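One structure is given below, encoded as structure tokens.
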Amino acid sequence: MKYNRQDLIDKLVVSEGLRLQVYKDTLGIDTIGIGRNLEDRGLTKEELEWMDIPNIDTIYQMGITEADAVYLATNDVQIVEEELVRAHPCVDSLDAVRQLIVVDMAFNMGVPRLNKFKMMWAAIHDEDYPTAAKEMLNSRWARQVKGRATKLANAMHNGEF
């Protein structure tokens with residue numbers, strides 16, 4: 001990927017939030033850190049070992065550190081990048097700004113849901129970024145995340161934040 005992963009993590013902290021204790025997200029799902037879904041994604045044995053936490057029950061009781069949250073988000077971004085490139089190989093050839101945008105969107109809603117943005121993807125394949133931006137805003141996702149969608153669509157259109 002061409003974009004700076006730390007820039008994405010910083011943007012995700014702003015849009016997703018950073019919570020060091022387990023909380024229920026807007027859908028009632030147990031979540032921690034920078035949007036880590038504990039019910040669907042959970043935590044791997046390797047992640048628990050890296051964080052020096054014996055088990056998930058300890059996370060529910062004690063929470064995690066900011067460094068742990070960034071570590072988990074970095075792992076999540078890596079997974080999203082791989083899923084996204086498998087689904088849309090054109091992502092590899094996008095400029096850094098547009099790569100960051102589609103990874104941000106995929107992090108937020110998941111690659112399967114982002115795949116449903118058929119007209120946006122068609123526009124991206126055609127390098128028609130104004131139309132891709134319009135299609136981003138013409139969605140339930142945009143109505144849900146409001147300002148985040150507007151910022152990302154403007155960046156998609158202009159190629160800069």
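The residues packed around I124, meaning those with a beta-carbon under 13 Å from its beta-carbon, carry a net charge of -3 if Lys and Arg are +1 and Asp and Glu are -1. If you wrap the tightest convex hull around every Cα atom of segment 50-119 and split its volume per residue, you get 114 Å³. The alpha-carbon of K24 sits under 15 angstrom from the alpha-carbons of these aspartates and glutamates, leaving out residues fewer than 8 places away in its chain: E16, E39, D40.
Rolling a 1.4 angstrom probe over the chain with all protein chains present gives an accessible area of which 50% lies on carbon and sulfur atoms. Label separation (N154 vs N115): 3.2 nm, computed from points 7 Å beyond Cα along the C-beta direction. Rg ratio for segment 1-130: its Cα radius of gyration over 2.2 N^0.38 Å, N being its residue count, equals 1.12.
Whole-Hz Karplus values for segment 68-75 come out as 4, 4, 5, 4, 5, 5, 4, 4 Hz, taken residue by residue from phi with 6.51 cos²θ - 1.76 cosθ + 1.60 and θ = phi - 60°; glycine and proline positions read x. Put simply, when 102-109, 10-17, 29-36, 49-56 are sorted by average Cβ atoms within 10 angstrom per residue, most first, you get 102-109, 29-36, 10-17, 49-56. Per residue, the accessible area of segment 1-96 comes to 55 Å², computed with a 1.4 Å probe over protein heavy atoms only. Once the Kirkwood radius over Cα pairs is known for segment 1-67, the Stokes-Einstein relation at 20 °C and 1.002 mPa s delivers a diffusion coefficient of 167 µm²/s. Of all lysines in the structure, those lying under 22 Å Cα to Cα from K116, and not within fewer than 8 positions of it along the same chain, are K134, K146, K151.
From the Cα trace of segment 100-158, what convex hull volume per residue do you get, rounded to a whole Å³?
In segment 100-158, the Cα convex hull volume per residue is 68 Å³.
Sorted from greatest to least, the principal axis extents spanned by the alpha carbons of segment 41-91 come out as 42, 18, 16 Å. Normalised per residue, the accessible area of segment 112-161 is 61 Å², obtained with a 1.4 Å probe and no contribution from ligands, DNA or RNA.
The values are calculated or read from the model by the stated rules, or taken from the named source; none is laboratory data. The shown structure was predicted, so the numbers you read here are calculated from the model rather than taken from an experiment. Positions of Cβ are generated from backbone atoms using ideal geometry, with glycine treated the same way; all protein chains shown enter the neighbour counts. The protein model used for the area step is the full one, side chains on, heavy atoms only, and it has no ligands, DNA or RNA in it. Shrake-Rupley method; radii C 1.70, N 1.55, O 1.52, S 1.80 Å.
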